[in-house]
Amino acid sequence: MMLRPLAFLAASVSLGVTLAPAETVTVSPVPRFSVTNMDTSVRPADDFYRFAAGTWVKQNPVPADKSRWSGFDELAERNWQLIHELLETSAPAGKGTSGPRKQVGDFYAAAMDTNRIERLGFKPIEPELREIAHLHNLRELVQFLARLHLEGVNPLFGDGVGADAKNSSVYVYELGQGGLSLPDRDYYLADGFASQREAYLKHMEAMFRLLGESEPDAKREAATVLSVETELARACKSRVELRDPNANYNKLTVRELERLAPTLPWKEYLEASGLGKIQELVVGQKGFVTAIGGLVTSRPLEDWKSYLRWHVISEASPHLHRAASEEHFRFYGTQLRGQPQQEPRWQRAAKVIDGSIGEALGQLFVEKHFPPAARARMEDMVGNIRTVFQDRLSHLSWMSDATRTKALAKFDRFTQKIGHPEVFRDYRSASIRRDDYLGNIRRAARFEARREIARVGRAVDRREWHMTPQTVNAYFSPLQNEIVFPAGILQPPFFDVTLDDAVNYGAIGVVIGHEITHGYDDQGRKFDADGNLNDWWTAADAAEFDARAQKVVDQYGAYEALPGLKVNGRLTLGENIADLGGTSIAYEALQRALAKHPERRKSLEGYTPEQRFFLSLAQLWRTTWREAELRRRNVVDPHSPGQFRAVGPHVNLPEFFQAFGIHEGDPMWRPESQRAKIW
C-alpha cells in the first residue's frame, strides 16, 4: 500500500460535515488483445516478444504512480476504477443503509476524512507507544506482541491458521520466520543492497524525528532496529529453501515448542492470542525459532522496545497524517520500487478496504460487474482443458503405472471455483466506523484473526475463498486440490467473449492450464488426492520429473532481467512449470475445439488461429518496469518477469516454431535437446 499526495482528495470528508458529492469516475477502456500492440518491423524468429507486444511496450511507459505496468495492471487498474464508483456511491450516509454497503461506505468515508486524519497526527498509535514504554519484562513483551499480531502488526515472527499440510481436513495453528521490514533477508545480508540499507536507516531516523525524538535518539533507535532485524535475517531461510514443503513442516506439541526456545514464555503468548488450549502446532522453520529464543535474552529489553516501536510506527504510517504517509512512501515506494508518485488516495483506500473487509466489497462488485453468463462460459473452457490434462496423465510415456494411478486419483478429486463465494463473509462484528480509519484497519484484522483462531482443530471449510472476487488473479490450493478464478480476472485481456477461441485459449485457457498444472509442479506434486503432504511417487518417476524440471531451471536461469542480473530459475521453477504445462495443454484444447468446429479455423487480421494463440499469450505478459522494482521482484517474486513468461513456454513447443516458420539458426530457435517437456 503506497500512498499518494493529498492533492487528489476531491472526495474528502470531515467528521460532522456533509460528505462531498460523489466524484465523476473515469473508467479506462477495456484492455483487449490487439494486433496494434505488435511491432511487425521485428521478425518473430528474431524477437517474438517485441513482435507480439513491441508497440505496446514503446507506447506504455510505467505511469508515475506505478512501479510496473502490464496487461495484468491494465485490467487491475480498470477494476479499481469500477470499485471507485462503488465506493463513491456507498460512502454517503443514507437512511436505511446497512450491511456490506454501509460497512464499505463507512470505511471509505473514514479513509477520505483527511482533515481529521491530519488533526490526529500520531495520536492513533500513542496508546500502543505508551504501552511499549512501560513494558518491564519479557512476559509483558510477548503478551503485547500477541496483541500486535492479532491486529495485523507482525514483529519478531509470523503466525497464522491454515489447513494442516499433513491432515488437510483440519485447521492448525502455524508459526514461522518473519519480523523483517525490508522485502527479504538478502536486503540485510547481500552486498548488492548496501545502498538500500543506508536508505532504510535514514528513513527510520526521519520517522522517529517526526515522532518528536531528537536527532541523536532517532539515530540510536534506527541503528538498533537495523541491528535486530539483521540478526533475524541471518536466522531466516532463503526463499528457495522456503519452497520445500517437507523441510518447512514440523509438527510440535506446545511442550516441544517450549524446549525449542525455552527463554520465550510461549504459554503467555498463546494465552494472550486466544490459543491457550491448543496442544500442538506446526513450526515452519525450527532454526529460526531457536534463534529468536536466544536473541530475546541476549539483547536488552530496551532494544526490543525500539524494535516494537518501529513496527507499530511503520505499519501505521501509511494510514496516518500526510507527513508520516509521505515519508513511508518515499522509502517503500520510491527508494525500493522506483515509483515517483503515490497512487490517488481513493485507490489507496480501496486497496486497504479490499485487504480488510474484501468480501463485503466483493459482494458489491459481483452484483454490478459479474454476469452469470461469464461463469457458464468459463466452466465450459475449464471442462475442455481438464479433459486434455486428464488424457495427458493417462498416456504420459515417462510415468510408471504405479504413479499414474495415484496421479489420476488426485485429478478425479480435483475441484474448481469460479467468480465468487456462494456465501460472502459477514463482517458485522468488525465494528467499522466513519471516524476511525486506523481503528477500522486494526479491528478488521482482529476480527479476521479471531475468526481463524476459533477454527483451530475444526474441520476445514471448503467453501472458503482465499482471494476476493474483484482480484485480477487466480490460484491453485494444494491443500484443497482446487483451482479458483475470481470474477476480477474473467475480463479482457484474459477472457473476452467478443474474440475468437484462439485468443481466449491463449489467454484464460493458459491461465486455467497453469493453475491445473500447479497441482503437479515441483511442489504441488508432493500433495496427494486428499490435499495432504505425502510422497506418492515412485523413486524412479520422481527422479525423471526432477531431470525434466532441471531443463526449466536452466532455461529461465539463463535469462537476464537486467545486465548481470539473472532470473532465479530455482525460485521461479513452480510458476515456470505451470506456464509451460498451461501453454501446452491450452494449445491442445484449442486444436480439439477447432476440430469440433472446423468453420472457426480461419485466419483473422492476417494470422492463423495457431499464430493468434501464441500472440495472445505473449501479449498477456506485456510489461514495462522501473529498474528498482524489477530488482526487488527478482529477489522476492516466485514468478519470472513478464517478458520471459511471454516467450519462455513457447520455445519449448514445436507447434510454436511451426506456426511462425522459425528454424534452426534463428535467434528464437531452441534446440530440441534443451526443450523441457513435463506435462
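Data for the structure
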item: Global form of the stretch 522-679, assessed from the alpha-carbon gyration tensor, a/c cut-off 1.5; result: oblate
item: Charge context of Lys123, other residues only, Cβ under 12 angstrom, K/R +1, D/E -1; result: -1
item: For the chain, share of DSSP beta bridges that run antiparallel, in % to the nearest 5; result: 75
item: Cut-off under 5 Å, modelled amide H: who pairs with Lys251 long-range; result: Val283
item: Simple label model, 7 Å out from Cα along Cβ direction - Lys58 to His597, nm; result: 3.5
item: The chain - mean residue ellipticity at 222 nm from DSSP helices (-39,500 (n - 2.57) per run, n ≥ 4, rounded to 500); result: -15500 deg cm²/dmol
item: Contact order normalised by residue count of the stretch 123-319, Cα under 8 Å, 6+ apart, percent; result: 30
item: Cα-based shape type of the chain, given that a ≥ b ≥ c are square roots of the gyration tensor eigenvalues and the cut on a/c is 1.5; result: prolate
item: Sum of side-chain charges, Ala561 neighbourhood, beta-carbon under 9 Å (Lys, Arg +1; Asp, Glu -1); result: +2
item: Positive dipole terminus of the stretch 531-679, leading residue within Ala586, Ala676, Gln550 (C-beta point charges); result: Ala586
item: Whole-Hz ³J(HN,Hα) from phi, Karplus 6.51 cos²θ - 1.76 cosθ + 1.60, for the stretch 67-77, glycine and proline x; result: 9, 8, 9, 7, x, 4, 5, 4, 5, 4, 4
item: Pair Arg139, Thr253: separation of 7 Å Cα→Cβ label points (nm); result: 2.4
item: Cut-off under 5 Å, modelled amide H: who pairs with Ala646 long-range; result: none
item: Reciprocal mean inverse distance between Cα atoms of the stretch 278-322 - Kirkwood radius, Å; result: 13.2
item: C-alpha center-to-center spacing [the stretch 496-550, the stretch 610-679] in angstrom; result: 17
item: Karplus (6.51, -1.76, 1.60) ³J(HN,Hα), θ = phi - 60°, over the stretch 434-447, in Hz, Gly and Pro reported as x; result: 7, 10, 8, 5, 5, x, 4, 4, 5, 5, 5, 5, 5, 4
item: 16 Å Cα-Cα reach of Lys596 towards aspartates and glutamates, excluding residues that sit fewer than 8 places from it in its own chain; result: Asp380, Asp500, Asp501, Glu588, Glu610
item: Backbone N within the stretch 472-504 under 15 Å of label point (7 Å from Ala376 Cα along the Cβ vector); result: 497
item: 3J(HN,Hα) from dihedral phi, the stretch 496-508, Karplus parametrisation 6.51/-1.76/1.60, rounded to Hz, x for glycine, proline; result: 9, 5, 8, 10, 6, 4, 4, 5, 6, 5, x, 10, 5
item: For the stretch 380-505: relative contact order, % (alpha-carbon pairs under 8 angstrom, 6 or more apart); result: 24
item: 26 Å Cα-Cα threshold exceeded, pairs from Lys237/Lys406; Lys251/Lys677; Lys123/Lys305; result: Lys237/Lys406; Lys251/Lys677
item: Separation between Cα centres of the stretch 215-292 and the stretch 460-480, rounded to whole Å; result: 27
item: All Cα pairs of the stretch 123-319, percent lying beyond 32 Å; result: 16
item: Helix 358-369 vs. the chain, principal-axis angle (Cα, 0 to 90°, nearest 10); result: 40
item: Folded to 0 to 90 degrees: helix 345-356 orientation relative to the chain principal axis, Cα; result: 90
item: Whole-angstrom gap from the stretch 305-321 to the stretch 25-86, using each part's C-alpha centre; result: 36
item: For the stretch 101-177: rounded, prolate or oblate by the Cα gyration tensor [a/c cutoff 1.5]; result: oblate
item: Inter-probe distance in nm under a simple model that places probes 7 Å from Cα toward Cβ, at Thr538 and Lys406; result: 1.2
item: FRET efficiency, 1/(1 + (r/R0)^6) with R0 25 Å, evaluated for Tyr475 and Thr387 via beta carbons; result: 0.70
item: Amide H contacts under 5 Å for Ile418, placed H, 5+ residues apart; result: Phe485
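Every read-out reported here was derived from the displayed coordinates using simple, explicitly stated rules and does not represent laboratory data. Computed from a predicted structure; not experimentally measured. FYI the Cβ positions are ideal-geometry reconstructions off the backbone, even for glycines, and counts take in every protein chain you see.
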